[in-house]
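Okay, structure first, notes after.
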There are 2 protein chains.
Amino acid sequence: MAPSDRTEDKPRRRTGNPARIHGTIAHDLGVAIVSGQYQPGETLPNEIDFSERLKVSRSAYREAVRILSAKGLVESRPKTGTRVTQATRWNLLDPDVLAWYFASEPDPKLIDGLFELRMIIEPAAAALAAERREPHHLTVMREALMNMEKHTLTTEAGQIADRAFHDAVLDASCNMPLRSLASTIGAGVRWTTVYKARKDELPRDPMPDHWRVFDAIAAGGPEAARSAMEDLVGAALRDTARALRRSQKRPGGDDSG
Amino acid sequence: MAPSDRTEDKPRRRTGNPARIHGTIAHDLGVAIVSGQYQPGETLPNEIDFSERLKVSRSAYREAVRILSAKGLVESRPKTGTRVTQATRWNLLDPDVLAWYFASEPDPKLIDGLFELRMIIEPAAAALAAERREPHHLTVMREALMNMEKHTLTTEAGQIADRAFHDAVLDASCNMPLRSLASTIGAGVRWTTVYKARKDELPRDPMPDHWRVFDAIAAGGPEAARSAMEDLVGAALRDTARALRRSQKRPGGDDSG
DNA sequence: TCAATGCATTTGTCGGAGTAAATGCGCCGA
DNA sequence: TCGGCGCATTTACTCCGACAAATGCATTGA
């Protein structure tokens, strides 16, 4: 009955403080909404009933609704109630919303969209980074790549290092909106490694592609950096598309759906 | 001392319902934070004192903080209090955060960043749109452009039509994350027209550029659409950059700063 | 038939009380 | 003298009950 029985990764800040109730409720409701359990246009039960059913106070529930409202998932008005907004108004670039999508198996269209976005953003960001990178950007990138080599993508540490590298490239672009896309890109990167891990094999060694991007950025060659990043993302795109098709052949996979 | 005396556009949903207190507080605090009135790392006064000073209940204040927290602007923990997070963690792509930036005169680096983003995103989106557009996308685009012609960019209606056109292009790309960037792109578009209006002259007729984009998308030519959109955004970029340099020559401009 | 108005429902706001957590400090022991 | 441990304090977190405001709906009147 509780929509969150399946998701083990409750909201938990990196500082290790425990999840608060309003965060937990927002997480659970958010997952329920993006997974279609509550359809756009649908009206949620009123505050009193719903908070009672969820076994939380009205205050905590209201704060959870405020969070969802801030991310564009719901809209509440007196008398009308709190209703789920149209999916086009959801703030898909929000790190939490994206995480809620990935809490359950997300729509393949979203995966495709993320890769298309990566294919648009990352080469351009790499080109900018080649022009503007500071020494400390290169230091971060080099360290991330060395960690990738040391741990490999089969480990959590290696995947974190992978995302750290892509984040560093966006950082080095010295463009505030681009940097804000880091979490979105990171979700795409994470998804790549998820599929790679699922296959229990790495279809290719990702390191040469990564080092070529790094070298081009370090050398200050925008077009070389762009081209290298296109190759990198393109390879990841092909790997993921292949894995995605493979997983689609065995339908179902989620008993609750 | 109220930080919002200057901003007339209080949060007011398109449906015309009045601003709620928590929304107003979130708006005011958000503007104060992104404008640097509260520095990152700084701790806000505790709930009781601050809510009393703001003349609102603790519930309403807490809901406002919850909104800001959902957008990554603050982080609150027991004993530590509520503190402003590092600017790199702010969710810049959030429509509200972006609006709060533009409530006061935003950092020119942000304007530049937005135009760079447009220059990256919009041509690629136009190319995708040329491949995937449905008839109703073209209908929306055509109507937007006709409204642009009828009202011109000197009017509010014309500017809305301008943003509607750019939104429609993103829509036609049939890519969920790209569509979510509509508000971000829209902020950039709006800023262009703001500067154009400020100069009380339109440096060039924007319509031919727009129609060329439309024609290319309607004809299904991805590269033509990309190229046309590059020209369009490039022209806007040059106009805005010129106006920005001009306005920087007369420093100050805002008595409260 | 239409318009104005009262009513019921739902969210919004308020004030207070008690709980849990995290930090800093003092105490205690080695 | 130094290090570890427990306690007190501060703060956000949670809960509760009540009232206000807004809005859709039905009712009533012209």
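Numbers for the structure displayed
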| read-out | value |
| --- | --- |
| Cβ-Cβ under 9 Å pairs, at least 6 apart or on other chains, the range B:71-97 side assigned by TED's automatic domain parsing to the domain that holds residue B:32 and under 19 Å from residue B:186 (Cα atoms), far side more than 16 Å from DNA strand D (Cβ to nearest atom) and assigned to a strand (DSSP E or B) | none |
| Given (1) part of a loop (DSSP other than H, G, I, E, B); (2) of a type outside the set (Lys, Arg); (3) farther than 26 Å from residue B:89 by Cβ, number of the condition residue A:52 does not satisfy | (1) |
| Every residue from the range B:30-60 that is within 13 Å of chain A (Cβ to nearest Cβ) and more than 13 Å from DNA strand C (Cβ to nearest atom) | B:30, B:34 |
| Criterion (under 25 Å from the mean Cα position of the chain (by Cα), under 30 Å from residue B:132 (Cβ atoms) and either within 14 Å of chain B (Cβ to nearest Cβ) or modelled with pLDDT of 95 or more (or both)) met by exactly one of A:11, A:18, A:95 | A:95 |
| Selection count, the range B:63-83, where residues are within 16 Å of DNA strand C (Cβ to nearest atom) and more than 7 Å from chain A (Cβ to nearest Cβ) | 13 |
| Boolean, residue A:85 is touching an Asp or Glu at 6+ places or on another chain (Cβ under 8 Å) and surrounded by fewer than 22 Cβ atoms within 10 Å (Cβ to Cβ) | yes |
| Selected residue (only one of A:105, A:131, A:156 is in contact with a Pro (Cβ under 8 Å, 6 or more places away or on another chain), more than 11 Å from chain B (Cβ to nearest Cβ), surrounded by fewer than 22 Cβ atoms within 10 Å (Cβ to Cβ) and among the acidic types (Asp, Glu)) | A:131 |
| Any hit, the range B:143-157, residues being at pLDDT below 95 and touching a Lys or Arg at 6+ places or on another chain (Cβ under 7 Å) | yes |
| Verdict on residue B:53 being within 14 Å of DNA strand D (Cβ to nearest atom) and closer than 20 Å to residue A:85 by Cβ | no |
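Rundown of residues vs (1) within 16 Å of DNA strand D (Cβ to nearest atom); (2) assigned to a helix (DSSP H, G or I), yes/no style:
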position: B:68; (1), (2): yes, yes
position: B:93; (1), (2): no, no
position: B:112; (1), (2): no, yes
position: B:130; (1), (2): no, yes
position: B:136; (1), (2): no, yes
position: B:154; (1), (2): no, no
position: B:162; (1), (2): no, yes
position: B:183; (1), (2): no, yes
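The values are calculated or read from the model by the stated rules, or taken from the named source; none is laboratory data. Predicted model, so just to flag it, every value in this text is computed and none were measured. Cβ: placed from backbone, ideal geometry, glycine included. Neighbour counts: every protein chain shown.
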